[in-house]
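**Student:** Below you'll find the structure I mean.
The values are calculated or read from the model by the stated rules, or taken from the named source; none is laboratory data. These numbers were taken from a predicted model, which means no experiment stands behind them. Note that each Cβ is placed from the backbone with ideal geometry, even for glycine, and that neighbours are counted across all protein chains shown.
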């Protein structure tokens, strides 16, 4: 529909009326023009396009005579239908449509045109082919024939208007002549800016403006002295073969190219370009109809739509919205954004993600990457996993080309800021732009992890975030004042910071508290959280040590056949790729069951071993570069594979620093010490600990340092209180102990845990771990309701005996369905032996349904009838004991609730029953709506008092059997469930303070431990590390971490019996044999109890 124009002004109008009519008339012209063009296009289409017909038409759709160029589609002819065109010879000619190709598979002829070559077929065409492309329905008056070649992926070659008498060289000459003519036309009278052109002409006149990128010139029509309308654009030479004209240069996720933007202008939804320094306008951005596009930052002020000819179409917006969905018929959009967002503006197909600069990537339309030669890649673009092992030697690199930040084994110490590599007299913006200013220096790239970083002074003026590829990521600091801390978000791998000029003694460290200054230095280690840039095997100076078998990278519970087929078997594990040379290799244990051989490209080659026996040797044939071996699971912790025919004393898998010629590379004594010393991670302990005055807290070296025995004597835990004879704090050689007095109530003791190198002057591993101990008042009796959820530790609740034996017990009530099975059965809880966190999210657990799993619909679930029969028996099973307070609600014979309410539900016989007010009847799971963890409904079902404090201690059973390979997946599920539990509690009881307990380490057998005790110790250390990272320092959410892991002695904290060296020994010497390495003994529970009392007294 065309909207009528308002009345035009006439000479007889008064001046005011004339001006008003003129303005209204001019304002309506753009819309009128767009609508008129659309109507004309529609009329042209209906005049010449006949749609789908079964026979050749004899008249036009309007009843007139046929004319050359008329067309329709006949589905009954040819191969999949024919496009039929009325020629100048007054006959209908047809072309088969098959996968949008005119050329046959061999490219020799036009499909459906008989035999002969393409040239023959073209010479036989009589008249014009009046279609621009095959995918349009609207014929053009004088259009191009598009020849499609086999394998061209629908690339089209325009050869102009083709007549049968045209030879190829004549066509090319015609194209060249037309190009020269167009260039001359475009260059004639071109203005440098739209404003200049508008000022040089009168209203209604057209003028051209110099273009950029794919556009040589823009043509506008002046509407008034202040506005003009874009009416056409002319492509430049760049438009002929530019990225947008290829199928292998694919734009990245950010579709906005700031280098092609028009600055200081805005473009309305109707195509009116006007001056305004607040805005910038994008170039044409290709979009897809039906797709939704989102903008970041402040969004879009205007959007203007264009068809494939880049003619303005209706539908754009002037309300500054994001996102927008592209209508049909739209091929391009130009968006107006705020100039202040220019450097970080991102337009992408789909919901907004982290910013990345506009870029093209090399890829085929099917997503297959096109990888250029490494030498043509910019710095940082070649990840380590793309480098073949042992591929980097001196002949491949320029001298000093590999810097520490390009490796994952040369790491910064506690202080991450290196004053020697700053860019002087410049500051960096949050968008990665270096600006001149003599007052500032900018750091080099600093490798970071998500979390908090602290500076020893308010010295950070700006910061810029980068991802692992060193591409700018939004979120850097760009405030008005210098700050002393940064919070690094997820997805950021590096930062650069702007600091005051000459900041020689600035220190940036991980954590929330600044510790003593340490000059910047590097050490040898492996940072598991860093991106792999140049791994050790890709160098020729960090070869593997004697033991080639890495137990930390095996695939557990599977074997690998000689043909690389993987299969499940819990008795076996198989290794990662082990680099080998031809010749014999020996194992210290007869554990190898199979082997699979690989060449240098890690392609399988024949000759692997599989004869059914466990061997202690293997011979590597010529041509083999790698082997993967399947070994018996029971021996995986102690396997050594070494070159040669003789087994020598066992050493851990490790890298050794030596040159390719075998000469060792010395390590300064201030580094990690002797070769083979395990890389040290930061000591793991909570940032905050709790203890009441009068009770002892001990932080044990062995618990907090992963490889304690390798670094014994080089570990220290400092304290802000002096170590004196009568001091409440002291360092004993195995722990930092604190026994605060009443005068220290409501104060805090600070300190840090560190590991030093053999020179005793360098912190090894990550920065020393800072901690604080809060001393609470043991006499507080503020009323408080406490609930405890957990496994057998909670089922016993033995640690609560400490607080219950003091006056602080007054005012404490414990809530839950079960009595704790400690000596004090007034303590109620939700504790089940053997349970994991997943157990509480599982409907059926050993015949007892989790009380927190409740129907989604309006029903209350009271568990299985069989459980309550068990709980009411003379000798209940383990997990049915101590339900004395609620078992009387259920019939001892049937297990059904004695006094049910309507919609009370129980499990019975593999299904469910519901009380309907008169009887128990069956009910389906679908009617119940399924089950979900619901803390609020749990409390309503069991009449549980709303807690002030909720203490959760879970993880012992979750991770007892885990190892380095299985831990990540288990922990991911564990953490997700923990967050669900917390969210459910907060939804019901938002004021509740939630304590996340860190499970204790394992007991240690003997002086060095056993394979089992030390594997469990390391796993629980890893759990403590992750809980500290994910749940520590969340007090603002009323989430508090309680660190049991650091405070329980690994021998005396467990029950043990004296063991003689041998049965016939009659001397006085014995050693302690721990009877249960999982559960604490009385002394260990007392150590837990001191911390439990400390936090309860602190929170109540």
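**Student:** Is one or more of the residues making up region 617-638 without any contact (Cβ under 8 Å) to a residue 24 or more places away in the chain and either assigned by TED's automatic domain parsing to the domain that holds residue 1009 or in a loop (DSSP other than H, G, I, E, B) (or both)?
**Tutor:** No, because not a single residue in region 617-638 is without any contact (Cβ under 8 Å) to a residue 24 or more places away in the chain and either assigned by TED's automatic domain parsing to the domain that holds residue 1009 or in a loop (DSSP other than H, G, I, E, B) (or both).
**Student:** Still on this structure, please answer the following. Hey, among 1027, 1041, which residue is at pLDDT 95 or above, in contact with a helix residue (DSSP H, G or I) (Cβ under 7 Å, 6 or more places away or on another chain), closer than 22 Å to residue 771 by Cα and not in a loop (DSSP other than H, G, I, E, B)?
**Tutor:** Of 1027, 1041, the one residue that is at pLDDT 95 or above, in contact with a helix residue (DSSP H, G or I) (Cβ under 7 Å, 6 or more places away or on another chain), closer than 22 Å to residue 771 by Cα and not in a loop (DSSP other than H, G, I, E, B) is 1041.
**Student:** Given the residues 1063, 991, which is the only one that is out of contact with any strand residue (DSSP E or B) (no Cβ under 7 Å at 6 or more places or on another chain), over 19 Å from residue 753 (Cβ atoms) and without any contact (Cβ under 8 Å) to a residue 12 or more places away in the chain?
**Tutor:** Sole residue among the options that is out of contact with any strand residue (DSSP E or B) (no Cβ under 7 Å at 6 or more places or on another chain), over 19 Å from residue 753 (Cβ atoms) and without any contact (Cβ under 8 Å) to a residue 12 or more places away in the chain: 1063.
**Student:** Okay, moving on. Among the residues of region 601-615, is any outside the structural domain of residue 1014 (by TED's automatic domain parsing), under 25 Å from residue 967 (Cα atoms) and under 35 Å from the mean Cα position of the chain (by Cα)?
**Tutor:** No, region 601-615 has no match at all.
**Student:** Of all residues in region 4-26, which are touching a helix residue (DSSP H, G or I) at 6+ places or on another chain (Cβ under 8 Å), without any contact (Cβ under 8 Å) to a residue 24 or more places away in the chain and surrounded by 12 or more Cβ atoms within 10 Å (Cβ to Cβ)?
**Tutor:** Answer for region 4-26, where residues must be touching a helix residue (DSSP H, G or I) at 6+ places or on another chain (Cβ under 8 Å), without any contact (Cβ under 8 Å) to a residue 24 or more places away in the chain and surrounded by 12 or more Cβ atoms within 10 Å (Cβ to Cβ): 6, 9, 13.
**Student:** In addition: Of the residues 928, 950, which is buried (at least 21 other Cβ atoms within 10 Å of the Cβ) and either over 26 Å from the mean Cα position of the chain (by Cα) or under 21 Å from residue 793 (Cβ atoms) (or both)?
**Tutor:** Only one candidate passes the filter, namely 950.
**Student:** Yes or no: region 598-605 includes at least one residue that is modelled with pLDDT under 90, out of contact with any strand residue (DSSP E or B) (no Cβ under 9 Å at 6 or more places or on another chain) and more than 27 Å from residue 1011 (Cβ to Cβ).
**Tutor:** Within region 598-605, one or more residues are modelled with pLDDT under 90, out of contact with any strand residue (DSSP E or B) (no Cβ under 9 Å at 6 or more places or on another chain) and more than 27 Å from residue 1011 (Cβ to Cβ).
**Student:** Moving to a separate point now. Just to verify a result, which residue in region 238-259, among those that are surrounded by fewer than 17 Cβ atoms within 10 Å (Cβ to Cβ) and under 30 Å from residue 199 (Cβ atoms), is modelled with the highest pLDDT?
**Tutor:** Here the residue is 259.
**Student:** Filter region 757-772 down to residues that are at pLDDT 65 or above and under 24 Å from residue 697 (Cβ atoms), then give me how many there are.
**Tutor:** So the answer is 4.
Yes or no, residue by residue, for (1) surrounded by fewer than 17 Cβ atoms within 10 Å (Cβ to Cβ); (2) modelled with pLDDT under 85; (3) in the same structural domain as residue 24 (by TED's automatic domain parsing):
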position	(1), (2), (3)
212	yes, yes, no
215	no, yes, no
220	no, no, no
232	yes, yes, no
236	no, yes, no
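**Student:** Within the group 491, 459, 500, which residue is over 19 Å from residue 520 (Cβ atoms) and assigned by TED's automatic domain parsing to the domain that holds residue 430?
**Tutor:** Exactly one residue qualifies, and that residue is 491.
**Student:** Go through (1) at pLDDT 90 or above; (2) buried (at least 23 other Cβ atoms within 10 Å of the Cβ); (3) over 23 Å from residue 687 (Cα atoms) for residue 820 and report which single condition fails.
**Tutor:** The number of the failed condition is (1).
**Student:** Same structure, new question: Would you check which residues across region 726-752 are over 18 Å from residue 683 (Cβ atoms), touching a strand residue (DSSP E or B) at 6+ places or on another chain (Cβ under 8 Å) and modelled with pLDDT under 90 and list them?
**Tutor:** Result: 728, 730.
**Student:** Is at least one residue of region 859-872 out of contact with any strand residue (DSSP E or B) (no Cβ under 9 Å at 6 or more places or on another chain) and touching a residue at least 40 places away in the same chain (Cβ under 8 Å)?
**Tutor:** So far as region 859-872 goes, no, none of its residues is out of contact with any strand residue (DSSP E or B) (no Cβ under 9 Å at 6 or more places or on another chain) and touching a residue at least 40 places away in the same chain (Cβ under 8 Å).
**Student:** Now for a separate question. Can you give me the number of residues within region 583-603 that are under 17 Å from residue 564 (Cα atoms) and surrounded by fewer than 18 Cβ atoms within 10 Å (Cβ to Cβ)?
**Tutor:** 5
**Student:** When you scan region 268-278, how many residues do you find that are in contact (Cβ under 8 Å) with a residue 24 or more places away in the chain, surrounded by fewer than 22 Cβ atoms within 10 Å (Cβ to Cβ) and part of a strand (DSSP E or B)?
**Tutor:** 5
**Student:** Residues of region 873-897 being assigned to a strand (DSSP E or B) and either out of contact with any helix residue (DSSP H, G or I) (no Cβ under 9 Å at 6 or more places or on another chain) or touching a residue at least 40 places away in the same chain (Cβ under 8 Å) (or both), which ones?
**Tutor:** none
**Student:** Show me the strands (runs of 3 or more DSSP E) entirely contained within region 433-527 in which 1 or more residues are under 16 Å from residue 412 (Cβ atoms) and touching a strand residue (DSSP E or B) at 6+ places or on another chain (Cβ under 8 Å).
**Tutor:** Here the list reads 451-455, 460-466, 485-488, 494-500, 508-510, 522-524.
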